[in-house]
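A short worksheet on the structure shown next.
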């Protein structure tokens, strides 16, 4: 029989001390876990356009525990912890930077015993303005062309117009469709008759809808007439009308006026002094014609852009072959509120200069976008049409500008086309300039073959959206490019 007293003595003097020692060692081991070392400064690109960026970092754990790493992206977001990796193994994570700015990216480590390191020193990333966020094409199995775009803030969509042969009533039709901010098409509509019809411009209206102008061979009294369409905010037709004579007329720009009506400019072969002449149409809010006017000389003259001025009148820009110093010149026309001609000026050089769009500048003057046959040509004038400055932009090839819009910083955004930067093919060309004409940045599209930008806007988030058309496999498709602020 075992002696109980002797057994208790053995346990107290031999076994229990060993167990206690082991427990103490375990406690000491747990309490002495060391946090991972501070991770290495994240490595990655230092600058570039908006988009996805990958960064890498590693950290050593003094206890050789496995670790996870996370990144503070410097834009208010922190990543989730990565999967566990061996001590000193590199971890890479990716983040999207959608806005221009300077970002400081840091890394932090975490071990399996839940100890965290301090944050690393930062890696600095500079995201440049105007980086391409996405570029897409839309359309069917035949030709589709885009010419103008506006933003619908309540729908978070871009509303665009052009012309299409892929669907509709016959020949070309006016093509109106909506794209969300991610480039997903939301809806599309077609307008027109059995022959060719198309649209070149769209503007937002006071009731939240849209007014569209272009041309129609399906309606009117002549071969081709100016086509005006009014819709609600989802493209449902309110009314449509046409204006013109026995020959051909085209509408290129439309704006809603302060009285709730509309001003349309383009050109006519039916009226005027010869060739084509500038054609101006004033409608009331219901689409009834209030007055029309033609301006020009014995050769051809065209109007492509119009804005209502602070005095209730209008400023018009286009191209004249009847007047000026060169083969063609920018044509700048000022009208009163009732269509009276106040003055007209030609701007340009001895080259072939063309005016394709106009905007009112912050100082009450005007800025005109066009080309001189080789380069983008931008002319800034005062309110009387006197030149304040003029600049050319482009490369060794041929460069055009079709649209110019004021931006929130007092400068301007321009779009057109260029073959200076990618061989013989044309690319959509986007240029950001300051209020005094300094070039801040330029971008060209990455779409296949030839593509052209015809309109651009600054969007509510400070970025830019441009539309036009691009040659794809066998035909032209509507194109859209979204740029970061």
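Annotations for the structure displayed:
- Spin-label pair residue 124-residue 236: with each label point 7 Å from Cα along the Cα-Cβ axis, the two points sit 5.6 nm from one another.
- More than 23 angstrom apart: percent of Cα pairs within the range 95-182: 55
- Rg over Rh [alpha-carbon atoms, Kirkwood Rh] for the range 389-431: 1.02
- Burial ranking of peptide ranges 169-178, 232-241 (average Cβ count within 10 Å, highest at the top): 169-178, 232-241
- Per-pair calculated FRET efficiency, R0 = 30 Å: residue 341 and residue 246 via Cβ, rounded to 0.05: 0.75
- Zero-based 20 Å bins, Cα pair distances in the range 132-483, whole percents: 32, 63, 5
- Alpha-carbon radius of gyration plus Dmax, which is the widest Cα pair, for the range 209-290 in Å: 12.4, 41
- Shape category assigned to the range 197-338 from the gyration tensor of Cα positions, a/c cut at 1.5: oblate
- Mean separation of Cα contacts under 8 Å (6+ apart) over length of the chain, as relative contact order %: 10
- By the helix-only formula, in which each DSSP H run with n ≥ 4 contributes -39500 (n - 2.57) and the sum is divided by residues, the chain has a 222 nm mean residue ellipticity of -1500 deg cm²/dmol.
- Packing-based ranking, highest mean first, of 314-322, 416-424 given that Cβ atoms within 10 Å are counted: 314-322, 416-424
- Take the convex hull of the alpha carbons in the range 408-452; its mean projected area over all directions comes to 3.2 nm².
- Sequence ranges 116-125, 63-72, ranked by mean other-Cβ count within 10 angstrom, highest first: 63-72, 116-125
- Calculated FRET efficiency for the pair residue 473/residue 325, C-beta based, R₀ 35 Å, to 0.05: 0.20
- The distance between label points at residue 424 and residue 63 comes to 6.9 nm (points 7 Å beyond Cα on the Cα→Cβ vector).
- If the convex hull is drawn through the Cα atoms of the range 173-247, its volume per residue in Å³: 87
- Radius of gyration and maximum dimension Dmax of the range 254-352, Cα, Å: 13.4, 44
- Against the chain, whose longest principal axis comes from its Cα atoms, helix 16-31 is set at around 20 degrees.
- Computed over the range 47-127, Cα set: Rg, Dmax in Å: 13.2, 41
Taken together, the values in this text are just the output of simple stated rules run on the coordinates, not laboratory data. This is a predicted model, so every value here is computed, not measured. We place every Cβ from the backbone using ideal geometry, glycine too, and count neighbours over all the protein chains shown.
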